[in-house]
Amino acid sequence: MTATEFTPWAGTLGGLLIGLSAVLLMAAAGRIAGASTIFSGLLTLNIDAQMRWRGIFMLGLLLGAAISGWLFIDGSEISFPSGPAMTIVSGLIVGAGVTLGNGCTSGHGICGMARLSLRSLAATIVFMVVAILTVLVTRHGLGG
Amino acid sequence: MGWAVDMRLLSILLAGALFGAGVTISGMVNPMKVLNFMDLFGTFDPTLIFVMGAALVVTFIGYRLVFARGKPFFDDQFYVPGKGVIDARLIAGAALFGLGWGLSGFCPGPAVASLVFGYSQGFIFVAAMAAGMLATKFVLARRT
């Protein structure tokens, strides 16, 4: 495990931008800025009107990440906790989980909680607690 | 009318870009940083609290202003889920997502955004996540 620098200002700025994104998408198009639902909605052969706005949101996401990454971020600081096998397993689990649970950190944790949705509050508490317990086990082992 | 459609899609593109910039600047594209947030008893990095907090405050206030207007600027209605119940499927999905998030440090939005940095692990994760989504959608569709 590698320590990372506590960056409250960058964190707050990033959070403000994510919040503005959610508000803009709702104000302009009436849609919830949930990354998993938007991404998952593109994984279909059923080409409909929803494809276009979802594709454009994802295109914007990549552009925003590329431009801000180029301006502000040292990409070499990005590091991964595990090898390819665990990456595949955890990717499969995340994909299954967000599909079953209808959302992830953005859809439930931000948009849903901001709407005071009890479903989103329950989902957010569950995935936060499970994630913390998972790290407790993988990094510290059960009982030390 | 063409003008109205363009403004809608332009707003969606901008919302996507704000989201991508937000997860990048906040450091959530770095799985190690996210795992350190979950590691309360180890190399704890509280940055994610500031990300979530700032995003929630902006979205909570912004949504109220937007919903008070009655409808979005470039659409006829808000597409928000009604009051659902907290059922086993939601909890199981959130728990699975928490497990995958705790193993990888990636949730769906930042995982997609991380692709612009070109790490093979990011591509592997997003491909596995897409496979997990498709498989789960397939199973859910057959059950109903």
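No value in this document is a laboratory result; all are computed from the given coordinates. All values reported here derive from a predicted model rather than from experimental measurement. Here the Cβ positions follow ideal geometry from the backbone for every residue, glycine too, while neighbour counts run over all protein chains shown.
Figures for the structure shown
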| quantity | calculated |
| --- | --- |
| Dipole axis of chain A (+1 Lys, Arg; -1 Asp, Glu on Cβ), positive-most option in A:G60, A:L71, A:M113 | A:M113 |
| Residue of A:G19, A:G75, A:G95 that the Gaussian network model of chain A assigns the largest fluctuation, springs spanning Cα pairs under 10 Å | A:G75 |
| Peptide-level mean, for B:130-143, of C-beta atoms on other protein chains within 10 Å | 5 |
| B:F74, A:F127, B:F50 arranged by Cβ crowding within 10 Å, fewest neighbours leading | B:F74, B:F50, A:F127 |
| Chain B, dipole about Cα centre (Lys/Arg Cβ +1, Asp/Glu Cβ -1), debye to the nearest 20 | 420 debye |
| Within 10 Å of each Cβ in A:40-49, the average number of Cβ atoms from other chains | 2 |
| Least to most buried among B:K83, B:K33, B:K137 (fewest other Cβ within 10 Å first) | B:K83, B:K137, B:K33 |
| Volume in Å³ per residue [convex hull over Cα atoms, computed for the range A:51-144] | 164 Å³ |
| Shielding by other protein chains, A:50-56, mean Cβ within 10 Å | 4 |
| Helix A:84-100 vs. chain A, principal-axis angle (Cα, 0 to 90°, nearest 10) | 50 degrees |
| Signed unit charges on C-beta, dipole axis of chain A, positive-most listed residue A:T2, A:A29, A:L42 | A:A29 |
| Cα Rg, Dmax (largest Cα-Cα span) when computed across the range B:1-74, Å | 16.9, 57 |
| Within the range B:124-143, backbone nitrogen closer than 18 Å to the virtual label 7 Å beyond the Cα of B:A92 toward Cβ | B:132-143 |
| Span-rule helices in chain B, defined as complete DSSP H runs reaching 30 Å or more along the axis (Cα) with Kyte mean at least 0.5 | B:2-25, B:47-68, B:120-143 |
| Convex hull of Cα atoms in chain B, direction-averaged projection (nm²) | 11.9 nm² |
| Folded to 0 to 90 degrees: helix A:8-29 orientation relative to chain A principal axis, Cα | 30 degrees |
